[in-house]
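K.L.:
Could you have a look at this structure, given as structure tokens, before my questions?
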Amino acid sequence: MNSWLSPARPDVEVVTGRERRLLVTEILVVATVTLGLSGLRSLISLLDSLAAPAPLAQRQVTIDRPLATDAWVDLAAQLASSLQLLAWGGLGLYLLLRAGSGPRGVGLDGRRPWRDLRAACGLAALIGIPGLGFYLVTRAIGINLTVVPSVLDDHWWRVPVLLISAFANSWAEEVLVVGWLLSTLRRLGLSENRSLLLAAALRGSYHLYQGFGGGVGNLVMGLVFGRYWQRTGRLWPLVWAHTLIDVVAFVGSALLAGKVSFLPGN
């Protein structure tokens with residue numbers, strides 16, 4: 001148990017001097033153009049919600065929504081949005097390759113697909129089931145907005161687009177926040193616990209648009225996912241677990257909107 005709560009940092013060469021400064025700059029630049037900027041926008045969105053006269057629980061926020069009025073243009077816009085997320089993850093993977101690590105170094109290889117899939121299902125249940133309960137509680141006590149995962153129109157492409165969106169979100173977040181960021185912080189000499197807290201705080205920050213519950217819930221998810229990677233070195237289970245959670249949320253929201261109390265109708 002102690003190895004999970006306070007693991008030793010792996011034997012990774014710590015950079016110094018000019019290389020260290022460049023690595024810090026790399027973190028700042030990548031964070032600014034990807035999820036760090038999303039965190040800032042999310043904070044601004046939360047402040048705007050708090051300034052509004054309506055309580056947080058009476059306000060809604062939508063994750064997947066129409067981006068154009070024409071169905072074909074909307075399809076193109078949805079795919080472009082997912083492509084951006086896939087590119088963000090690709091950027092993290094490219095930087096890992098440049099640093100001498102690459103997919104195998106962070107657990108994005110095909111050595112153990114079935115074990116990774118079983119682990120993903122376990123992680124999805126561990127995070128997803130309590131996460132739904134936590135969302136309902138925080139919404140009930142008024143510290144979270146009503147989150148509507150999807151209000152896409154009922155086109156033939158809705159479900160495939162939601163599946164692509166779920167994977168794209170997962171790919172971007174897990175490759176950048178876990179695979180790339182935690183690996184990079186190791187090279188800066190940070191302890192595993194300090195690195196984990198920083199990565200989890202980043203994950204929580206870009207979910208603040210959902211309210212305080214969304215921020216705290218995703219911070220906890222970041223702690224669990226990050227520590228799993230630090231202990232196992234496997235990233236695929238996190239990617240597939242996150243994808244599964246988002247598939248249930250996005251597709252479930254699209255199919256059940258208006259039929260259950262916490263999913264308003266479109």
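The values are calculated or read from the model by the stated rules, or taken from the named source; none is laboratory data. No experiment lies behind these values; they were computed from the predicted model shown. Neighbour counts are summed over all protein chains in view; Cβ atoms, including those assigned to glycine, are modelled from backbone coordinates with ideal geometry. Quick note on the areas: whole protein, heavy atoms, side chains included, nothing else; ligands and nucleic acids left out. Shrake-Rupley method; radii C 1.70, N 1.55, O 1.52, S 1.80 Å.
K.L.:
Go through (1) open to solvent by less than 80 Å² (accessible area, probe 1.4 Å); (2) on the phi < 0 side of the Ramachandran plot and name the single condition THR69 misses.
P.N.:
(1)
K.L.:
Which numbered condition trips up GLY90, out of (1) of a type outside the set (A, V, I, L, M); (2) under 24 Å from ALA249 (Cα atoms); (3) open to solvent by less than 50 Å² (accessible area, probe 1.4 Å)?
P.N.:
Only one criterion in (1) of a type outside the set (A, V, I, L, M); (2) under 24 Å from ALA249 (Cα atoms); (3) open to solvent by less than 50 Å² (accessible area, probe 1.4 Å) is unmet by GLY90, namely (2).
K.L.:
Next question. Give the stretch 168-197 a look and list any residue that's surrounded by fewer than 19 Cβ atoms within 10 Å (Cβ to Cβ) and either of a type in the set (Asp, Glu) or outside any loop (DSSP other than H, G, I, E, B) (or both), or say none.
P.N.:
Just the residues of the stretch 168-197 that are surrounded by fewer than 19 Cβ atoms within 10 Å (Cβ to Cβ), to begin with: 187-191, 193-194, 197.
If the condition is that a residue be surrounded by fewer than 19 Cβ atoms within 10 Å (Cβ to Cβ) and either of a type in the set (Asp, Glu) or outside any loop (DSSP other than H, G, I, E, B) (or both), then ARG187, ASN193, ARG194, LEU197 are the ones that fit.
K.L.:
OK, next. Answer with yes or no whether GLU26 is open to solvent by less than 70 Å² (accessible area, probe 1.4 Å), within 20 Å of LEU190 (Cβ to Cβ) and either assigned to a helix (DSSP H, G or I) or touching a helix residue (DSSP H, G or I) at 6+ places or on another chain (Cβ under 7 Å) (or both).
P.N.:
Values: open to solvent by less than 70 Å² (accessible area, probe 1.4 Å): yes; within 20 Å of LEU190 (Cβ to Cβ): yes; either assigned to a helix (DSSP H, G or I) or touching a helix residue (DSSP H, G or I) at 6+ places or on another chain (Cβ under 7 Å) (or both): yes.
Taking the combined requirement at face value, the residue satisfies it.
K.L.:
Could you run through the stretch 102-131 and say how many residues are part of a loop (DSSP other than H, G, I, E, B), on the phi < 0 side of the Ramachandran plot and not acidic (Asp, Glu)?
P.N.:
Kept after step one, since they are part of a loop (DSSP other than H, G, I, E, B), are these residues of the stretch 102-131: 102, 107-112.
Then keep just the ones that are on the phi < 0 side of the Ramachandran plot; that gives 108-112.
With not acidic (Asp, Glu) added as a condition, the list becomes 108, 110-112.
Total meeting the criteria: 4.
K.L.:
Just checking, which of GLY204, GLY226 is in contact with a Gly (Cβ under 7 Å, 6 or more places away or on another chain), part of a helix (DSSP H, G or I) and either surrounded by 18 or more Cβ atoms within 10 Å (Cβ to Cβ) or of a type in the set (D, E, K, R) (or both)?
P.N.:
Details: GLY226 fails: in contact with a Gly (Cβ under 7 Å, 6 or more places away or on another chain).
Residue meeting the stated conditions: GLY204.
K.L.:
Has the stretch 115-138 got at least one residue that is out of contact with any Gly (no Cβ under 6 Å at 6 or more places or on another chain), of a type in the set (Phe, Trp, Tyr) and open to solvent by 70 Å² or more (accessible area, probe 1.4 Å)?
P.N.:
Within the stretch 115-138, not a single residue is out of contact with any Gly (no Cβ under 6 Å at 6 or more places or on another chain), of a type in the set (Phe, Trp, Tyr) and open to solvent by 70 Å² or more (accessible area, probe 1.4 Å).
K.L.:
Looking only at the stretch 216-243, which residues are among the small types (Gly, Ala, Ser) and touching a residue at least 60 places away in the same chain (Cβ under 8 Å)? So that I can check it myself, show each step before the final result.
P.N.:
Restricting attention to the stretch 216-243, the residues satisfying the condition of being among the small types (Gly, Ala, Ser) are 217, 222, 226, 233, 241.
Hits for the stretch 216-243 are GLY217, GLY233, ALA241.
K.L.:
LEU67 fails exactly one of the following numbered conditions: (1) in a loop (DSSP other than H, G, I, E, B); (2) over 21 Å from VAL251 (Cβ atoms). What is the number of that condition?
P.N.:
(2)
K.L.:
A further question on this structure: Please state which one of VAL224, VAL239, VAL260 is β-branched (Val, Ile, Thr), modelled with pLDDT of 95 or more and under 17 Å from GLY133 (Cβ atoms).
P.N.:
On the way: VAL239 fails: under 17 Å from GLY133 (Cβ atoms); VAL260 fails: modelled with pLDDT of 95 or more.
Sole residue among the options that is β-branched (Val, Ile, Thr), modelled with pLDDT of 95 or more and under 17 Å from GLY133 (Cβ atoms): VAL224.
K.L.:
What's the total number of residues in the stretch 137-146 that are out of contact with any strand residue (DSSP E or B) (no Cβ under 6 Å at 6 or more places or on another chain) and either under 10 Å from THR62 (Cα atoms) or part of a helix (DSSP H, G or I) (or both)?
P.N.:
3
K.L.:
Looking at (1) open to solvent by 30 Å² or more (accessible area, probe 1.4 Å); (2) free of Cβ contacts under 8 Å to residues at least 60 places away in the same chain, can you tell me which one ARG59 breaks?
P.N.:
So ARG59 meets the others, but not (2).
K.L.:
Can you tell me which residues in the stretch 167-184 are of a type in the set (A, V, I, L, M) and either touching a His at 6+ places or on another chain (Cβ under 9 Å) or free of Cβ contacts under 8 Å to residues at least 60 places away in the same chain (or both)?
P.N.:
Going through the stretch 167-184, the residues of a type in the set (A, V, I, L, M) turn out to be 168, 172, 175-178, 181-182.
Residue satisfying the conditions is LEU182 alone.
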